[in-house]
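**Student:** What follows is a single structure, and I will ask about it in a moment.
Every number in this text was worked out from the coordinates using simple rules, so none of it is lab data. As the structure is a computational prediction, the values presented were derived from the model and not from experiment. Every residue, glycine among them, receives a Cβ derived from its backbone with ideal geometry; neighbour counts consider all protein chains shown.
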Amino acid sequence: MNKSIMMLEINNISKTYRKGSEEFIALSNVSFQIKKGDFVLVNGPSGAGKSTLLNLIGGLIHPDSGEILFNGKNIYNQKSSLINEYRKKHIGFMFQQFHLMPYLTVLENIRFGCYSKKQIDNIGLYIGKCSLTGLENKYPSDLSVGEKQRTAFIRAIISNPDLLLADEPTGNLDPVNSIVLMSLIEAYNSTGGTVVIVSHNPEATRYSNLNLSLERGRLIDLQIEQSKF
Amino acid sequence: MNPLKLVFKEMWYRRLTSAVILLTVIVASSVSVAIYSLSKASEDETRKIMREQGLNLYIFPKGTNLIDFYSVNNTGTFPDNYVDVLAESETFDAVRHLTGILQIKYPDWKDSNGSTHQIVLFGYKDEAQQKYLPAQELMGFDVKKGTVHVGALVARNIKPEEQFIIKGVDGKQYSFKIDKRLEEGRGMMDQGVAFYLADLQQVLGMEGKINKIEALGCVCKDGRIKNARKQVQSIFADLEVTEMSSIADARENQRVMMNKYGAFIIPFVILSCLLITSLLFYQNVNIRSREIGLLKAMGHSSYTILFLILFKAFILGLAGGILGFFIGNWIAQYFGKEIFSFTAMNIKPIWAIFTYTIVLFPVLWMTSSWVPALIATKIDAAKTLSKE
């Protein structure tokens, strides 16, 4: 692969959690690269370090060693305000638990992810695409889990981030809603968005072009689906 | 989304917690305002009781035995213009209502039946207006020239429509129109007659002389008598000062006690409420850990998170402070009527403390939420957002 076109380079990343005298190696010398437009599936058993990897890419936790380059720049080699800016401008997060603000309506939750008027103007379009029309003024407590996750999806991508990081986004969804959500994520990917998704859902392999398998913090397998290139 | 809107939406969503925090501010604010207002009313009450009792400080020639004012007719005197000198002094502010008096025992006053009585004569100089102090309502006797006020016991010996007649030292009979026949129960004045000072000086041949100044001691931090004595003696070393009012002392002691009580109870209530608020904010931050984690994940800075918590504390502190001010005033007026008979109708909102209220309580409540807000900024977004 040509290094110059890489969006994200993960080089020898290690992360260990310590609790008292106990140590838990979450990631050990993990390296791989992601190009713009990739759909990366991260899988592995529980405790393999999948979420830690996502949080490291998202700038939420610092690695113990190694570097993460975004467009050639080490994201952890900058001030915290710039890391915040990195998250705001380039990253969209999705979580298994949706994490919608309970006191904001669907519309307000999505608006919360907007940083420009143009993005606000696009909300209607995404609401239609995600079959949330008519639910704009409902609160999360009035929504089904599928509707909640679709709202969280729009909030994550409404600012048109370069990278969508999704941690088990279908973990709480039934098969039908899982397929709907995965097709929405794929649609985002097909418009040039890069996706890194942690999922146990076998369905996800249909959309990914890069599959990473982690086990006990180590990258044990990396498969590149050539047809995507 | 506007962070302000986010704060208001969150407050409404968790309205029970917000209401409890608001209540703590209201309690702290209303207790502070009520105690301060009642303490102020107590001070006014003391002042009015002292006025009601009459003048309570005597200024007289050094060495005079006070008992002589009622038993002899030759106590030491001093020039009546001493009063004017004191009133003109820029530094003399420990006493008010300076009234120059000539008080002499008159052992052989004859009534219209020819009976002889021992009476006391009081000559009152016009109350001095102190040049460098704000004008006040006059106290004491306001006896007009050519007239007298006669005490109840003396009045019994003078028929209605009769004038008061007294023999002067020059042997002449002087007659005065009786302007007032005083009610009994006024102590020594029951057997006395009050004159306009110049009239009595003429009768007694003591022009320009007085033998005491009566005045009202102020409510001073370091004590009425001590301060008044120091000020008088710095101007006239030949005068001394004594205090005559024990009731005023008792009332003032009560006022001081109330101030001390307020100085303990106000900080105690405020600190208790702040502690409760701090715990409620801590609980609020714990409940909102995922929201805060999400804010971080979305790139919001620690300052935004601090702002969201502190602004909530500010809003609740401001609203509670304002509500507490009015509730505190209502409490002061409601209970003040029962406690303070003289000043009950005058217990009104003290607007000067309203300004303090709207500044102090938001600042205090923001301070109480400071530690929880700092904890919020330290929340590990990765950890809270990954929790199932």
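**Student:** Before anything else, pin down the relative contact order of segment A:135-229: Cα pairs under 8 Å, at least 6 apart, normalised by residue count, whole percent.
**Tutor:** On the way: 81 pairs, mean separation 21.5, N = 95.
Here the relative contact order equals 23 percent.
**Student:** Give, in whole angstrom and from largest to smallest, the semi-axes √(5λ) of the equivalent ellipsoid of chain B, with λ running over the eigenvalues of the Cα gyration tensor.
**Tutor:** Working: eigenvalues 956, 76, 44 Å².
So the three semi-axes of chain B are 69, 19, 15 Å.
**Student:** In what sequence do B:Lys180, B:Lys145 fall when counting other Cβ within 10 Å, fewest first? Please report the intermediate quantities before stating the final value.
**Tutor:** Values: B:Lys180 15, B:Lys145 11.
The fewest-first ordering by Cβ neighbours comes to B:Lys145, B:Lys180.
**Student:** A further question follows. Separation between the B:Glu240 and B:Lys62 pseudo-spin-labels, each 7 Å from Cα along Cα→Cβ, expressed in nm?
**Tutor:** Between B:Glu240 and B:Lys62, the label points sit 0.9 nm apart.
**Student:** Remind me, relative contact order of segment B:55-244 in percent, using alpha carbon pairs under 8 angstrom and six or more residues apart?
**Tutor:** Numbers: 405 pairs, mean separation 65.2, N = 190.
This gives 34 percent for segment B:55-244.
**Student:** Also: What distance in nm lies between label points placed 7 Å from Cα along the C-beta direction at A:Tyr76 and A:Asn11?
**Tutor:** Going from the A:Tyr76 label point to the A:Asn11 one covers 1.3 nm.
**Student:** Would you grab the residues whose amide H sits under 5 Å from the one on B:Ile119? Only those 5+ places off in sequence or on another chain, please, with H modelled 1.01 Å from N.
**Tutor:** Those lying under 5 Å, H to H, from B:Ile119 are B:Tyr106, B:Asp108, B:Trp109.
**Student:** Which FRET efficiency value, to the nearest 0.05, do you get for A:Leu125 and A:Ser183 by plugging their Cβ-Cβ distance into 1/(1 + (r/R0)^6) with R0 = 22 Å?
**Tutor:** Numbers: r = 17 Å, r/R0 = 0.75.
Working from the Cβ atoms, E equals 0.85.
**Student:** Can you tally the net charge around A:Leu104? Count Lys and Arg as +1, Asp and Glu as -1, for every other residue whose Cβ sits under 12 Å from the Cβ of A:Leu104.
**Tutor:** Working: positive: A:Arg111, A:Lys138, A:Arg155, B:Lys5, B:Lys9; negative: A:Glu108, A:Glu136, B:Glu10, B:Glu291.
Value of the local net charge: +1.
**Student:** Evaluate the relative contact order of chain B (contact order divided by residue number), counting alpha-carbon pairs under 8 angstrom at least 6 apart; express in whole percent.
**Tutor:** Numbers: 643 pairs, mean separation 106.3, N = 388.
That works out to 27 percent.
**Student:** Sticking with this one: What nm value, rounded to one decimal, do you get for the distance between A:Val176 and A:Arg216 when each label is placed 7 Å out toward the C-beta?
**Tutor:** The two pseudo-label positions are separated by 4.3 nm.
**Student:** On full extension of the chain, what length is gained from A:His62 through A:Phe24, given 0.36 nm per residue of separation minus the C-alpha to C-alpha distance?
**Tutor:** Working: separation 38, 0.36 × 38 = 13.68 nm, distance 1.54 nm.
Stretched out fully, the A:His62 to A:Phe24 stretch lengthens by 12.1 nm.
**Student:** Here's something else I'd like to know. Taking a 28 Å limit on the Cα-Cα distance, which of the listed pairs B:Lys9/B:Lys348; B:Lys145/B:Lys212; A:Lys73/B:Lys383; A:Lys50/A:Lys73 fall beyond it?
**Tutor:** On the way: B:Lys9/B:Lys348 37 Å; B:Lys145/B:Lys212 20 Å; A:Lys73/B:Lys383 25 Å; A:Lys50/A:Lys73 23 Å.
Checking Cα-Cα distances, B:Lys9/B:Lys348 exceed 28 Å.
**Student:** Ranking B:Tyr132, A:Tyr76 by Cβ neighbours within 10 Å, fewest first, what do you get? List each step's numbers first, then the result.
**Tutor:** Details: B:Tyr132 11, A:Tyr76 16.
Ranking B:Tyr132, A:Tyr76 by Cβ neighbours within 10 Å, fewest first, gives B:Tyr132, A:Tyr76.
**Student:** Within 10 Å of each Cβ of A:56-67, how many other protein chain Cβ atoms are there on average? Write out the running numbers ahead of the final one.
**Tutor:** Details: counts 1, 0, 5, 5, 9, 4, 0, 0, 0, 0, 0, 0.
That average works out to 2.
**Student:** Here's a follow-up. Equivalent ellipsoid semi-axes for segment A:3-228, as square roots of 5 times the alpha carbon gyration tensor eigenvalues: give them largest first, rounded to whole Å. Write out the running numbers ahead of the final one.
**Tutor:** Numbers: eigenvalues 164, 72, 65 Å².
Over the Cα atoms of segment A:3-228, the ellipsoid semi-axes are 29, 19, 18 Å.
**Student:** Work out the FRET efficiency for B:Thr377 and A:Ser31 from their Cβ-Cβ distance, taking R0 = 25 Å, and round it to the nearest 0.05.
**Tutor:** On the way: r = 33 Å, r/R0 = 1.30.
E between B:Thr377 and A:Ser31, to the nearest 0.05, is 0.15.
**Student:** Using helices alone, I'd like the mean residue ellipticity at 222 nm for chain B: each DSSP H run of four-plus residues gives -39500 (n - 2.57), total over residue count, nearest 500. Write out the running numbers ahead of the final one.
**Tutor:** On the way: 13 runs with 206 residues, N = 388.
Result for chain B: -17500 deg cm²/dmol, rounded to the nearest 500.
**Student:** In nm², what is the average projected area of the convex hull enclosing the Cα atoms of segment A:38-150? Please list the in-between numbers first.
**Tutor:** Details: hull surface 36.9 nm².
Quarter of the Cα hull surface area: 9.2 nm².
**Student:** So which of B:Lys110/B:Lys172; B:Lys125/B:Lys230; A:Lys88/A:Lys118 end up more than 22 Å apart, counting from Cα to Cα? Intermediate results must be reported in sequence, preceding the final value.
**Tutor:** Details: B:Lys110/B:Lys172 14 Å; B:Lys125/B:Lys230 24 Å; A:Lys88/A:Lys118 16 Å.
Distance filter (> 22 Å) returns B:Lys125/B:Lys230.
**Student:** How big is the equivalent ellipsoid of the protein assembly as shown along its three axes, where each semi-axis is √(5λ) from the Cα gyration tensor, reported in whole Å from largest to smallest? Walk me through the intermediate numbers first.
**Tutor:** On the way: eigenvalues 1746, 101, 61 Å².
That gives 93, 22, 17 Å for the three semi-axes.
**Student:** Further, regarding this structure: Of the peptides B:75-83, B:7-15, how do they stack up when ordered by the mean number of other Cβ atoms within 10 Å, highest first? Write down the numbers at each step before the final one.
**Tutor:** Numbers: B:75-83: 18.4, B:7-15: 16.4.
In decreasing order of mean packing, B:75-83, B:7-15 become B:75-83, B:7-15.
**Student:** Further, regarding this structure: What aspartates and glutamates does B:Lys5 reach when the alpha-carbon gap must be under 19 Å and sequence neighbours fewer than 8 apart in one chain are set aside?
**Tutor:** Hits, sequence-local ones excluded: A:Glu108, A:Glu136, B:Glu291.
**Student:** Sticking with this one: What is the mean number of Cβ atoms from other protein chains located within 10 Å of the Cβ atom of each residue in peptide B:376-385, rounded to a whole number? Kindly include the intermediate steps, with their values, before the conclusion.
**Tutor:** Working: counts 0, 0, 0, 0, 3, 7, 10, 5, 2, 11.
For this peptide, the per-residue mean of nearby foreign Cβ atoms is 4.
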